[in-house]
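In what follows, a structure is listed as C-alpha cells, so that the remarks can point back to it.
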Amino acid sequence: MSKKRNTSTNLLDGPDEKGSFSLADLIGTVAHNWKLFTIFFILFIIGGTMYCIYGHPKYTISAAILVESSGSPAGGASSLLSGGSGNSVGGALGSFSDILGIQSDVNTEAQILQANSLMTGAVKQLQLNVVTSRKNLISGDELFRDAPFKIDIHYKSDSIRKKKYRVQINGNTIHLTNWWDDVDIIAKFGDPIRLPQYDLILTRTSVPIGAHDEFTIAIGPVEKTVEALNKDYDVEIPDKQAEVLDLTLKYPNPSKGEAILGEVINQYIKADLADKVRLASATLSYIDSRLTGVANDLSAIEDNLEKFKKNNNIADIDEQSKALIANQSTYDQSLNAVDVQRSVIADLEKILNDPNSHKLLPEMAAIPDPGLSTAVAQYNAMILERERESISATDQNPYITNTDSQIANYRSVLLKSIAAYKSNLLASRNELVGKNKSFADQLSAVPLKARDYLDLTRQQDLENTLYLFLLEQKETTDIAEKSTVESARIFDPPKSIYEISILIYLGVILGCLVASFLVPFGIVKLREVLQTRILSKSDIENVTEIPVVGEISHSRDKDTQVVVLENSRTAISEQFRALRTNLQYLSGLSKSNVILVTSSVSGEGKSFVSLNLGAAIALSGKKVVFMELDLRKPKLSKYLNVKSAGFTSYVLSDKLKLEDILQPVPFSEGCFIVPAGDVPPNPAELLLGAKLESLIDELKQRFDYIIIDSAPVGLISDALLLEKFADMTLYIIRQNYTYKKQLSLPIDLTEAGRLKKTYFVVNDISTSKAGYGYGYGYGYGYGYGYGYGYGQYAADDNNNSSKFSQFVKKIFKKES
C-alpha cells in the first residue's frame, strides 16, 4: 500500500514521486510566491544598475620582465682545475643538475616574484593598507595620486585592526569621525591626529576640494592587504623556451594598479641586487678564511724547502729528475683539482650537516659542474626568502615553518647528492694516484736527497696552486660585488586596459536577472525543507500511496460548523459534495456503509468533516446517522447543541432503547445523531462491550450511512477498537497543522492491517499556502475522472481573489 519511507529526519523531503520537477511545478512556485520574486527582481535590477553606474570593476594591469640566465663558471679557475690534460674532472663525473633535477632560472625567478615579501615591501612602500576614497552615491571612488591630502601614519603597535574614518574638510580644518569607535576629532592640516592604534598627520596637496566633497580613510593590517592583493596577482611563463615572465594584477584603480605592479618589480630588482651582494660578501668571507690557512701552509713549506736546499747544497737536480717531475706535474694538476673540489665540498657539507643553520653557502667556481652552482643558488634563495619573511613573522608562523620544512628537505637531497659526488671524486683521485705511482717508482732510483727535494717541491706546487686559485676567486668575487647588476630587466612596463568591455556590464545584468530568480527560489525551497508540517499534496504523495479522496478549504464562516446546506453553492460545500461522490465510487451502493473518521491528534477537524460529509450525503437522499464515539472529548453534540442522554448511558443502562438516545439533526431531515453522553472514566472498556456491536447492527438496518466520529488514533487506542466495525477509514490531515512525521502512523497501521481501506482527507486548505499542491479543480477519480471546479458555484469565494490569481489557476488547470 505505501511507498518506502525516507528514514531521514525530514520525512517528506524530495521532489515528486517520480523524482522530476515539472514546468507546472516551477510556474506554480513562481506564481504562488510572485510578491517575493517581484521584490527580489526589483532589488537585483536596481543593484545591478547602480553597480554599472557607480561600481568599480577591476582593471587588468600587465607587465613583462626578462630574466637573464646565470652563466657557468669561466676563466682561469675553470681551466686551472680542469687538469693539464684538458679533461675536466667535473665533466667526467657528469652533471650535478641531473642528480637533483634542478629547474631553470626562469622557474626559480617566477617563484621568487610570487613571494609574500615582495608584495609586503610594495604595500609598505606605497602605504597600500591606507586607502583614501571620495564618497559617491554607493560607496566611494578610490584616490591615489589625485587625493587632496597625503597621510603620514605612525603606528603604535605591530598589530592593528581595520578601521574606517569619515573625513570632512572645511578650509584648513579637518573633521574626522568614526561613530562605531566614538571618534570625533577636529584638527588642522599638519597637526597630529592621535588615535588608539596610530597617529595620523594629514598634509594638504594641490588637488582642489569641492564644496560638497566628503572622504573616507580606511586603514587595515598590512598582512590582510597583502593577502587581498595576492589573490589578484599572478606570474606566468608564456614560453618555456624563453626567459620572459608575464606579471598581471587586477585592481579597480588603473593608475594605482600600475604603481603597485611597478613597485613589486622594483622590490624584486632591489632584493635581487641585495641578495647578490650578500652572497658575494659571504663568498669573500669564506675565501679570506681559506687564504689565511693556505698562506700559512705555503709559507711553512717554502721555509722547509729553503732550509733543505741550504743544508744539502742543492742548486739543481739532474736532467733525469727534471724529466720525471715534468711528466708527473700533469697528473699532479688533475690531482690538485680533485683535492680542491673535495675541500670545497667538505666545507659545503659541514654547513649543511647543521640542521639549525640558516647560513648562506659560498658560491665557488671550484666545482666545474653548473648544476651544483645552480643548486647552491637555489638553496641560498630559500635561505634569503626565509630571512626576509622572518623580519615580519615569528618562527611559529605557518609560512616560516613551511619554508623551514622545504629547506630541510632540500638540504637532505643536497647532502645525498654531494655524498654521491664525493664518491665519484674519490674514484677519480684513486685513478690519478695509481698513475702517479709509476712515476714514484721511477723516482725511487733517484738519490735520496733529490727525492726529498722533489717531495717538498710537489707540496709547494699543490699549496701554491690552491693559493693562486683563491686569490683569483677573491679578485673575481670582489669585482662582481662592486659591479653587481640586476639579473632581470623590465621588458614591458606595467600598463592597464582602461576601457571596460560592454560584455562586463551585460554579464552583471544577466547575473542579476539569474540571481533575482535563484535567490527567492532558493528561499522558497529552503522554507519547504525546513517546514515540518504538511503544506502541499506532494508532502503526502512523496511517502505513501494512500490516496487523497478529498480536499477541504478553509472555512471563512467561524460562527457555524455546518457549511453544507441545501442551497449552498460555496466552494467548500462543493468540495464536500465532491468527497461524497468519491466515497460513492469507493463503497458499495447496496449496503450500509460504516465510515470511521479519525486523525493523528486533536484539532485536525474530524468532527467538522464528519458533520459536513454527513450533511452532503443526506442531501443526496440517503439516511445518515452520526455516532459520537470520541467519548473523551466529544464535539458533535456541542456543535449541534444536543444535550440528551447518549451512548454512555445506553451502554450502562438496561432500560434505554435506541429511540431514547437517537436524536434528529436540525439542519437535515435525513440525519440523526447518537451523542456521546457524559464523559465516562473508562471509555475503552465501554467500546469493548457487546452492546456497541448490537447498536451498530441495529443502526445498519435503519440507515444508509453510519459516520463514526472517533478519538485521534495518535493519542489513544479508541479508534482502533472501532475499526472492526468500519467499512472504510477517513484519516483527516490538516494543512499547516499536521506534522510530516505523523504520516508514519497511518502508514504503519495500514501496512499492519489495523486500519482497513484507509483514505486521506486534507482539511483547512488555505489559498495563501496551497501553492501548486492543492487546488479546488483537482480531479479525483481512480479512473472515473470526476471533479469540481469553481464555475458558478464558487462565486462568493472568488470575490476575494485577484485577477492575477484567477489567471494563474487557469494556467494550472491547463498544465494538469
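The values are calculated or read from the model by the stated rules, or taken from the named source; none is laboratory data. Since the structure is predicted, the reported quantities are computational estimates derived from the model, not experimental observations. Neighbour counts run over all protein chains shown; Cβ positions are idealised from the backbone, glycine included. In case anyone asks, the SASA skips ligands and DNA or RNA and just uses the protein heavy atoms, side chains included. Shrake-Rupley method; radii C 1.70, N 1.55, O 1.52, S 1.80 Å.
Residue-level analysis places Val485 outside the set of residues that are open to solvent by 50 Å² or more (accessible area, probe 1.4 Å), of a type outside the set (Lys, Arg) and modelled with pLDDT of 75 or more. One residue stands out among those in the stretch 530-556 that are open to solvent by less than 30 Å² (accessible area, probe 1.4 Å) and among the charged types (D, E, K, R): the one that is farthest from Leu743 (Cα to Cα), which is Glu551.
Please go through the stretch 609-636 and give me each residue that is out of contact with any Phe, Trp or Tyr (no Cβ under 8 Å at 6 or more places or on another chain) and open to solvent by 20 Å² or more (accessible area, probe 1.4 Å), ordered by number. Leu619, Ser620, Gly621, Arg632, Lys633, Pro634, Lys635, listed by residue number. Screening the stretch 165-205 for strands (runs of 3 or more DSSP E) wholly inside it with 2 or more residues that are touching a residue at least 40 places away in the same chain (Cβ under 8 Å) and not basic (Lys, Arg) returns the ranges 198-204. Looking across the stretch 246-278, just one residue is open to solvent by less than 40 Å² (accessible area, probe 1.4 Å), under 32 Å from the mean Cα position of the chain (by Cα) and among the acidic types (Asp, Glu), and that is Glu263.
Looking for something of a type outside the set (Phe, Trp, Tyr) and within 23 Å of Asp275 (Cα to Cα) - is there at least one such residue anywhere in the stretch 416-433?
Filtering the stretch 416-433 down to residues of a type outside the set (Phe, Trp, Tyr) leaves 416-420, 422-433.
This time we only want the ones that are within 23 Å of Asp275 (Cα to Cα), so: none.
So far as the stretch 416-433 goes, no, none of its residues is of a type outside the set (Phe, Trp, Tyr) and within 23 Å of Asp275 (Cα to Cα).
Of all residues in the stretch 166-202, those satisfying the criterion of being within 14 Å of Phe215 (Cα to Cα), in contact with a Phe, Trp or Tyr (Cβ under 9 Å, 6 or more places away or on another chain) and not basic (Lys, Arg) are Val167, Gln168, Ile169, Thr173, Ile174, Leu176, Thr177, Asn178, Leu202.
Taking Ile661, is it touching a Phe, Trp or Tyr at 6+ places or on another chain (Cβ under 8 Å), over 21 Å from Asn593 (Cβ atoms) and not polar (S, T, N, Q)? Step through it out loud before you land on a result.
Details: touching a Phe, Trp or Tyr at 6+ places or on another chain (Cβ under 8 Å): yes; over 21 Å from Asn593 (Cβ atoms): yes; not polar (S, T, N, Q): yes.
Spelling it out, Ile661 is indeed touching a Phe, Trp or Tyr at 6+ places or on another chain (Cβ under 8 Å), over 21 Å from Asn593 (Cβ atoms) and not polar (S, T, N, Q).
Contact map, the stretch 518-534: first residue closer than 14 Å to Phe41 by Cβ, second residue of a type in the set (D, E, K, R) and surrounded by 12 or more Cβ atoms within 10 Å (Cβ to Cβ), Cβ cut-off under 6 Å, separation 6 or more or different chains; the map is empty. Any chance the stretch 544-555 includes a residue that's modelled with pLDDT under 90 and either within 13 Å of Ala616 (Cα to Cα) or assigned to a helix (DSSP H, G or I) (or both)? No.
Could you tell me which residue of the stretch 557-588 is most open to solvent (accessible area, probe 1.4 Å), considering only residues that are charged (D, E, K, R), part of a loop (DSSP other than H, G, I, E, B) and in contact (Cβ under 8 Å) with a residue 24 or more places away in the chain?
Going residue by residue through the stretch 557-588, those that are charged (D, E, K, R) are 557-559, 566, 569, 574, 577, 580.
Filter once more, so that each one left must be part of a loop (DSSP other than H, G, I, E, B): 557-559, 566, 569.
In the following step, the residues that additionally are in contact (Cβ under 8 Å) with a residue 24 or more places away in the chain were identified as 566, 569.
Details: Glu566: 137, Arg569: 108 Å².
My answer is Glu566.
On the stretch given as the stretch 717-738, residues that are open to solvent by less than 10 Å² (accessible area, probe 1.4 Å) and either in a strand (DSSP E or B) or free of Cβ contacts under 8 Å to residues at least 24 places away in the same chain (or both) total 6.
Could you check, for the stretch 627-648, whether at least one of its residues is modelled with pLDDT of 90 or more, closer than 23 Å to Thr750 by Cα and assigned to a helix (DSSP H, G or I)? No, because not a single residue in the stretch 627-648 is modelled with pLDDT of 90 or more, closer than 23 Å to Thr750 by Cα and assigned to a helix (DSSP H, G or I).
This table checks each residue for (1) open to solvent by 20 Å² or more (accessible area, probe 1.4 Å); (2) of a type in the set (Gly, Ala, Ser).
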{"position": "Thr173", "(1), (2)": "yes, no"}
{"position": "Trp180", "(1), (2)": "yes, no"}
{"position": "Gly190", "(1), (2)": "yes, yes"}
{"position": "Leu202", "(1), (2)": "no, no"}
{"position": "Ser206", "(1), (2)": "yes, yes"}
{"position": "Leu229", "(1), (2)": "no, no"}
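When we screen Gly714, Gly677 for residues that are in contact with a strand residue (DSSP E or B) (Cβ under 8 Å, 6 or more places away or on another chain), part of a loop (DSSP other than H, G, I, E, B), open to solvent by 10 Å² or more (accessible area, probe 1.4 Å) and among the small types (Gly, Ala, Ser), the only hit is Gly714. Any residue at all in the stretch 89-98 that is of a type in the set (Ser, Thr, Tyr) and modelled with pLDDT under 70? Yes, the stretch 89-98 has at least one match.
Which members of the stretch 680-695 meet the condition of being closer than 23 Å to Gly753 by Cβ and either free of Cβ contacts under 8 Å to residues at least 24 places away in the same chain or buried (at least 19 other Cβ atoms within 10 Å of the Cβ) (or both)? Spell out the reasoning first.
Here is the first cut: in the stretch 680-695, the residues closer than 23 Å to Gly753 by Cβ are 684, 687-688, 692-693.
Matches in the stretch 680-695: Leu687, Leu692.
Just wondering, is there one or more residues in the stretch 595-614 that are among the small types (Gly, Ala, Ser) and more than 21 Å from Thr729 (Cβ to Cβ)? No, there is no match, as no residue in the stretch 595-614 is among the small types (Gly, Ala, Ser) and more than 21 Å from Thr729 (Cβ to Cβ). Which one is least open to solvent (accessible area, probe 1.4 Å), of the residues in the stretch 208-227 that are of a type in the set (A, V, I, L, M) and modelled with pLDDT under 90? Taking the candidates together, the pick is Ile209. Entry remark, the stretch 649-674: residues being part of a loop (DSSP other than H, G, I, E, B) and aromatic (Phe, Trp, Tyr) number 1 in total.
Being modelled with pLDDT under 75 and open to solvent by 40 Å² or more (accessible area, probe 1.4 Å) holds for only one residue in Pro370, Pro355, Pro398, Pro362, and it is Pro370.
Figure legend. Inter-residue proximity from the stretch 503-516: first residues under 11 Å from Gly48 (Cα atoms) and aliphatic (A, V, I, L, M), second residues at pLDDT 80 or above and open to solvent by less than 40 Å² (accessible area, probe 1.4 Å), beta-carbon distance below 7 Å, spacing 6+ or different chains. Indicated pairs: Val508/Gly48; Ile509/Gly48.
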